[in-house]
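Right, one structure below, let's go through it.
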Amino acid sequence: MPGPLVGDDGVARCPWGDADPVMRAYHDAEWGLPVSGEAGHLERLTLEAFQSGLSWRTILLKRPAFRTAFADFDPDRVAAYDEHDVVRLMADVGIVRNLAKVNAAITNARATVALREHGGLAALIASHRPAHHRSPATTEELRSKTDESLALSKALKRAGFAFVGPTTMYALMEAIGIVDDHLEGCHRHGSAASGTT
C-alpha cells in the first residue's frame with residue numbers, strides 16, 4: 001500500500017506527483033489548492049470533463065491551447081459560441097477534439113451564466129464540501145466518488161450542466177481543495193485548508 005514517495009529532491013509527495021516533471025509541478029503548485037473566480041472554476045470543471053478517459057498529463061500539456069480556444073474560460077464569451085465556433089474547436093489540434101465534450105463546455109458556460117441568479121458556480125461547488133473528510137494515508141484509501149460528489153453532480157445537472165458525473169466531480173473537488181486528498185506525509189498535505197502554496 002504505497003504512501004508518499006520521497007523524490008530525488010528529498011521531498012515527500014503523492015506517488016502520482018513524484019516522477020514526471022509536468023505532474024510534479026502540478027502536484028506541488030496547484031492540485032488541492034483553492035481557485036478563485038468564475039472563470040477559474042469553469043476552467044477546472046471543463047478540463048476535468050475533457051480529461052475523462054485520458055491522462056491528466058495530456059490535459060496539462062494542452063492547457064495553454066484550451067485557454068486560447070475557450071477565451072480563458074470567460075463564461076460570457078464561451079456561452080456566446082455558435083456552430084462556427086464548434087467547427088473551429090473541432091479543427092484545433094491543440095485541444096482534445098471530442099464533439100460531445102466541446103458541446104458540453106459551451107453548455108456549461110451557458111449554465112454558469114444562468115447560475116449567477118442563484119449564487120454562482122463557485123458557491124454551488126463549495127456548498128458540497130463534506131462536513132468531515134479524512135485524508136488518505138495510502139493510495140489504497142483513495143476514493144473515486146463520494147456522497148457529496150454525487151450530490152454535486154445531481155445539483156449541476158439540475159442547473160443544466162453536462163459531463164459532470166460523480167467521479168468527475170470528485171476529481172474536481174480534489175483538484176480545487178474542497179477535499180484534501182494529498183496523502184498524509186505528503187509535503188502538500190493540509191495545504192488546501194490553509195490555502196498555502
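Would you check which residues across the stretch 117-140 are in contact (Cβ under 8 Å) with a residue 60 or more places away in the chain and either within 17 Å of Arg67 (Cα to Cα) or open to solvent by 60 Å² or more (accessible area, probe 1.4 Å) (or both) and list them?
Residue satisfying the conditions is Glu140 alone.
Taking into account only those residues within the stretch 129-155 that are closer than 20 Å to Leu33 by Cα and aliphatic (A, V, I, L, M), which is nearest to the chain's Cα centre (by Cα)?
Top of the filtered list is Leu152.
Give the residue that is surrounded by the most Cβ atoms within 10 Å (Cβ to Cβ), with candidates limited to residues of the stretch 20-36 that are at pLDDT 95 or above and among the small types (Gly, Ala, Ser).
The qualifying residue surrounded by the most Cβ atoms within 10 Å (Cβ to Cβ) is Gly32.
Applying the selection to the stretch 79-97, what residues are open to solvent by less than 70 Å² (accessible area, probe 1.4 Å), within 20 Å of Arg63 (Cβ to Cβ) and among the charged types (D, E, K, R)?
Asp85, Asp92
Tell me the residue from Ser144, Ser149, Ser153 that is open to solvent by 50 Å² or more (accessible area, probe 1.4 Å), more than 14 Å from Leu42 (Cβ to Cβ) and either without any contact (Cβ under 8 Å) to a residue 60 or more places away in the chain or not aliphatic (A, V, I, L, M) (or both), please.
Selected residue: Ser144, the only one of Ser144, Ser149, Ser153 that is open to solvent by 50 Å² or more (accessible area, probe 1.4 Å), more than 14 Å from Leu42 (Cβ to Cβ) and either without any contact (Cβ under 8 Å) to a residue 60 or more places away in the chain or not aliphatic (A, V, I, L, M) (or both).
The values are calculated or read from the model by the stated rules, or taken from the named source; none is laboratory data. It should be emphasised that the depicted structure is a prediction, and the values quoted were computed from it without experimental measurement. Here Cβ is always computed from backbone atoms with ideal geometry, including for glycine, and neighbour counts include all displayed protein chains. With ligands, DNA and RNA removed, areas are computed over all heavy atoms of the protein, side chains included. Shrake-Rupley method; radii C 1.70, N 1.55, O 1.52, S 1.80 Å.
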